[in-house]
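Below: one structure, written as structure tokens.
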Amino acid sequence: MAANATNTLQATIISADANGAISINRGLGNPALAGNVADMTINQILSNGANVMSLPITGTVTGLQNVYIKNNAAGGGGTITVAVNVNGAGLVTIGLLQPGGICIPIWNIVAVIASQITAITLTASVANIPVEYFFGG
């Protein structure tokens, strides 16, 4: 299947102290991947407990190479535990997202098939947490 999507990440890391002095201002460039699939969902409501995510893996795409997840809850709105299955090896917890927290476990892994995510489970600490995610491959 020919590539029909280009998935691009644009990000900058900035660290400023309490006085506003910036010690880090690093652009990450624009890593892009020609892919076959891309799925962006904004404000999907999670149930309390484990939520197995539907992945847009089709055809020759055997796993995700681009993953972004954000907890869209307001402050105090509950946490999301992110667990991924890398190339069928079983679920591994990789992070706990506070409200507003972002997780980008992989981006542009294409040469190493063992690094592809084949399943994602988001476990919400309370019901009705809105989540935003991008899955691409």
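The values are calculated or read from the model by the stated rules, or taken from the named source; none is laboratory data. All values derive from a computational prediction rather than experimental measurement. Because the Cβ atoms are built from the backbone with ideal geometry, glycine has one as well, and the counts that use them run over all protein chains shown. SASA here: full protein model, heavy atoms, side chains in, ligands and nucleic acids out. Shrake-Rupley method; radii C 1.70, N 1.55, O 1.52, S 1.80 Å.
Restricting the range 77-109 to residues that are closer than 17 Å to ALA11 by Cβ and among the small types (Gly, Ala, Ser) leaves a set whose member that is surrounded by the fewest Cβ atoms within 10 Å (Cβ to Cβ) is GLY100. For the range 30-44, filtering for residues that are surrounded by 11 or more Cβ atoms within 10 Å (Cβ to Cβ) and not in a strand (DSSP E or B) leaves 3.
Examine the range 29-40 for a residue that is modelled with pLDDT of 90 or more and at negative phi, and state whether such a residue exists. Yes.
Answer yes if at least one residue in the range 14-24 is open to solvent by 70 Å² or more (accessible area, probe 1.4 Å) and among the polar types (S, T, N, Q), and no otherwise. Within the range 14-24 (the criterion being open to solvent by 70 Å² or more (accessible area, probe 1.4 Å) and among the polar types (S, T, N, Q)), the answer is yes, since at least one residue qualifies. The single residue among ALA74, ALA111, ALA83, ALA89 that is out of contact with any strand residue (DSSP E or B) (no Cβ under 8 Å at 6 or more places or on another chain) and at pLDDT 90 or above turns out to be ALA74.
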